[in-house]
Amino acid sequence: MEQPSTTPVHRAGGQWVSRAVNSLVLTLVGSVIGCTSSAGPTVEQTATGLVGSWDWLWSSGGIGGGTQSPESTGWTQRLEITSDSILRWFRQDTVVLSERISSVRRKTPFSADTADVIRIVSWGDVVGGDLWLYEFWGADTLRLRDLCYDCYDHVWARQTF
């Protein structure tokens, strides 16, 4: 039997996901709302600005308050969000998370009012179904904030072709 670790990890796609990926996943998980049996609104219906490919710029946070970037870690990450609400997270060129998502407005620990949150549909009402509070910094920069204390903010740049 595997002993619990002091560093939480998630199993996604049969692969162990690193702490940085885990913290991003935990962000969506932190604020849970009721889920019906339907898939809910698509990302295209509720947040068309999310659709596209996003390159990871940096992440900052954690208990130590450190910052990670492609330059400091030696690896790249990319998010792809499709109009049919599929989120694929790549580290280098390996998919580490591929799930149907929805965008919901809900109260979070970090918002006085409701805020836009990305939710993994298949996780439903389990703790962790809501991963990130999201906001745009201009037209082509996306901030994803983990929905837990001492977690990470992740900043992404839209790929332009």
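Readers should treat all values here as calculations from the given coordinates under stated rules, not as data from a laboratory. Not measured: the values here are computed from a predicted model. All Cβ positions, glycine included, derive from the backbone under ideal geometry; neighbour counts span all protein chains shown.
Which of the residues that make up the range 102-114 are part of a strand (DSSP E or B) and either under 22 Å from GLU80 (Cα atoms) or in contact (Cβ under 8 Å) with a residue 40 or more places away in the chain (or both)? Before the answer, list the steps.
Initially, the range 102-114 is screened for residues part of a strand (DSSP E or B), giving 102-107, 114.
SER102, SER103, VAL104, ARG105, ARG106, LYS107 - these are the residues of the range 102-114 that are part of a strand (DSSP E or B) and either under 22 Å from GLU80 (Cα atoms) or in contact (Cβ under 8 Å) with a residue 40 or more places away in the chain (or both).
Of the conditions (1) crowded, with 17+ Cβ neighbours inside 10 Å; (2) free of Cβ contacts under 8 Å to residues at least 40 places away in the same chain; (3) touching a His at 6+ places or on another chain (Cβ under 8 Å), PHE90 clears all except one; give me its number.
(3)
Kindly provide the set of residues from the range 136-153 that are touching an Asp or Glu at 6+ places or on another chain (Cβ under 7 Å) and over 17 Å from ARG78 (Cα atoms), ordered by number.
LEU147
Looking only at residues that are hydrophobic (A, V, I, L, M, F, W, C) and either touching a Gly at 6+ places or on another chain (Cβ under 8 Å) or not in a strand (DSSP E or B) (or both) in the range 143-155, which one is nearest to ILE118 (Cα to Cα)? If you could, list the steps in order and put the result at the bottom.
Keep residues of the range 143-155 that are hydrophobic (A, V, I, L, M, F, W, C), which gives 144, 147-148, 151, 155.
Subset that is either touching a Gly at 6+ places or on another chain (Cβ under 8 Å) or not in a strand (DSSP E or B) (or both): 147-148, 151.
Details: LEU147: 10, CYS148: 14, CYS151: 16 Å.
Step by step, filter the range 143-155, then rank; the result is LEU147.
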